[in-house]
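The values are calculated or read from the model by the stated rules, or taken from the named source; none is laboratory data. Predicted model, so just to flag it, every value in this text is computed and none were measured. Cβ atoms come from the backbone with ideal geometry, glycine included; neighbour counts cover every protein chain shown. For accessibility, only protein heavy atoms count, side chains too; no ligands or nucleic acids. Shrake-Rupley method; radii C 1.70, N 1.55, O 1.52, S 1.80 Å.
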Amino acid sequence: QVQVVQSGGGLVQAGESLTLSCIVSGLTFDDYTMAWFRQAPGKEREAVACSTNHGIGTAYSDSVKGRATISRDKAKKTLYLQMDSLKPEDTAMFYCAVNPPLVQYGRDWCGGGGNEYWGQGTQVTVSS
């Protein structure tokens, strides 16, 4: 059974950094595209960052490009999202996804091709 368990998140001040983690079990970690999404109350789900299988390619939304880094640790079967220079508008519920849907991250397409598996979500709140 595939399990996707998130950790990290919390309350931070504007300008600070935060790293989210997502531990994946039940599948061969590097065979799958993985991504981070977020959704703020009353707003549409936003694709934030995507990592293709084996971590060959990455894609970022315009809103976080230059401030966010998606990475993988194969040995730990963990997906990370490091966010720097956080802004109040980054406040949202963040979700990691295995086999994410095909969507655009800025000008780049990423995802699609199989069953989707989602983490439970973790809240990121950035205060001014």
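Couple of notes before you dig in:
Residue by residue, here is whether (1) under 12 Å from Ser21 (Cβ atoms); (2) open to solvent by 50 Å² or more (accessible area, probe 1.4 Å) holds:
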| position | (1), (2) |
| --- | --- |
| Ala75 | no, yes |
| Leu79 | yes, no |
| Met83 | no, no |
| Pro88 | no, yes |
| Thr91 | no, no |
| Phe94 | yes, no |
| Gln104 | no, yes |
| Asn115 | no, yes |
| Gly121 | no, no |
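- Ala49 vs. criteria within 21 Å of Gly113 (Cα to Cα), of a type in the set (A, V, I, L, M, F, W, C) and touching a Gly at 6+ places or on another chain (Cβ under 8 Å): no
Table: residues versus (1) touching a residue at least 24 places away in the same chain (Cβ under 8 Å); (2) of a type outside the set (D, E, K, R).
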| residue | (1), (2) |
| --- | --- |
| Ser17 | yes, yes |
| Leu27 | yes, yes |
| Thr58 | no, yes |
| Asp62 | yes, no |
| Arg67 | no, no |
| Arg72 | yes, no |
| Lys76 | yes, no |
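- Residue within the stretch 37-52 that is more than 14 Å from the chain's Cα centre (by Cα) and closer than 15 Å to Ser85 by Cβ present: no
- Among the residues of the stretch 87-128, just one is of a type in the set (A, V, I, L, M), touching a residue at least 40 places away in the same chain (Cβ under 8 Å) and touching a Cys at 6+ places or on another chain (Cβ under 8 Å), namely Val103.
- The residue that is most open to solvent (accessible area, probe 1.4 Å), among those in the stretch 38-63 that are closer than 18 Å to Val24 by Cα and of a type in the set (Ser, Thr, Tyr), is Thr52.
Table: residues versus (1) of a type in the set (Gly, Ala, Ser); (2) outside any strand (DSSP E or B); (3) farther than 18 Å from Val4 by Cα.
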| position | (1), (2), (3) |
| --- | --- |
| Pro41 | no, yes, yes |
| Ala47 | yes, no, no |
| Cys50 | no, no, no |
| Asp62 | no, yes, yes |
| Ile70 | no, no, no |
| Leu79 | no, no, no |
| Ser85 | yes, yes, yes |
| Gln104 | no, no, yes |
| Val126 | no, no, yes |
